[in-house]
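Inspection log for the structure reproduced underneath, given as structure tokens.
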Amino acid sequence: TANKARLAGWELVPGQLKSGTVARIDGNQATIALGANAHQTHTTAQDNLFYVSASANPTFFVGQNFSFINNVLTAAGWTVDTNAITKINADGGIKINSSNKQIVVYSDNGSTERVILGDTSGGDAFGIKGKDGSGNTLFVLGEEGNQIAGWTIGTGAISKNAVKLDSTSNAVRTLLIK
């Protein structure tokens, strides 16, 4: 007919070339789809489907483990968005965040920070900080201070409470332990 042609299982209609439910090139919808349910419009990654849409919200995926949807790239469990590269699961993970200026290591699903590298205070104080599973600070090194297990580390002294090891030229040459 004038607006439809068929050849070897392929159908050509105005703006579209398709083969059953497993292959579609659609110029009207700006999509290419190959695999299961190729005849449908998709906004989330699907198993067994290669899908590209150049719509107002670009969508691209190859199966469920590699996708680019709503400006977020997902590959092998990692997500890359405009501010962060992240992979966190129930056992923990890592997040590199450019807007927070941090690299954070988590021990669980992303709620317990264990190591923070970069802006350790949220106020542009840079260094590294380590925490235990309860969120207590174990060490901090950098602009927020220099402490390990409550010991303060300065340029010429290490101290905690009444104990101080001082190497400066004006220091008394003794080690005071109370």
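The values are calculated or read from the model by the stated rules, or taken from the named source; none is laboratory data. Because the structure is a prediction, the values reported are computed rather than measured. Heads up, the Cβs are rebuilt from the backbone with ideal geometry, glycines too, and the neighbour counts pull from every protein chain shown. The protein model used for the area step is the full one, side chains on, heavy atoms only, and it has no ligands, DNA or RNA in it. Shrake-Rupley method; radii C 1.70, N 1.55, O 1.52, S 1.80 Å.
Looking at (1) open to solvent by 60 Å² or more (accessible area, probe 1.4 Å); (2) hydrophobic (A, V, I, L, M, F, W, C); (3) more than 30 Å from residue 84 (Cβ to Cβ), which is the one condition that is false for residue 13?
Here residue 13 meets the rest and fails (1).
Identify all residues within region 73-100 that are of a type in the set (A, V, I, L, M, F, W, C) and surrounded by 13 or more Cβ atoms within 10 Å (Cβ to Cβ); write none if there are none.
Let us first name the residues in region 73-100 that are of a type in the set (A, V, I, L, M, F, W, C), namely 73, 75-76, 78, 80, 84-85, 88, 90, 94, 96.
73, 75, 78, 80, 84, 85, 88, 94, 96 - these are the residues of region 73-100 that are of a type in the set (A, V, I, L, M, F, W, C) and surrounded by 13 or more Cβ atoms within 10 Å (Cβ to Cβ).
Just checking, how many residues over region 120-169 are charged (D, E, K, R), surrounded by 15 or more Cβ atoms within 10 Å (Cβ to Cβ) and assigned to a loop (DSSP other than H, G, I, E, B)? Talk me through it step by step, then tell me what you get.
If we filter region 120-169 for residues that are charged (D, E, K, R), which is where we start, we get 124, 129, 131-132, 143-144, 160, 164, 166.
Subsequent filtering for residues that are surrounded by 15 or more Cβ atoms within 10 Å (Cβ to Cβ) retains 129, 131, 144, 164, 166.
So of that shortlist, the ones also assigned to a loop (DSSP other than H, G, I, E, B) come out as 144.
Number satisfying all stated conditions: 1.
Would you be able to tell me the number of residues in region 32-89 that are within 19 Å of residue 104 (Cβ to Cβ) and aliphatic (A, V, I, L, M)?
Number satisfying all stated conditions: 5.
Every residue, every condition in (1) at pLDDT 90 or above; (2) crowded, with 16+ Cβ neighbours inside 10 Å; (3) more than 26 Å from residue 82 (Cα to Cα), yes or no:
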residue	(1), (2), (3)
2	no, no, yes
18	yes, yes, yes
24	yes, yes, yes
27	yes, no, yes
36	yes, no, yes
43	no, no, no
61	yes, yes, no
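Could you say whether any residue in region 55-68 is assigned to a loop (DSSP other than H, G, I, E, B) and over 22 Å from the mean Cα position of the chain (by Cα)?
So far as region 55-68 goes, yes, one or more of its residues are assigned to a loop (DSSP other than H, G, I, E, B) and over 22 Å from the mean Cα position of the chain (by Cα).
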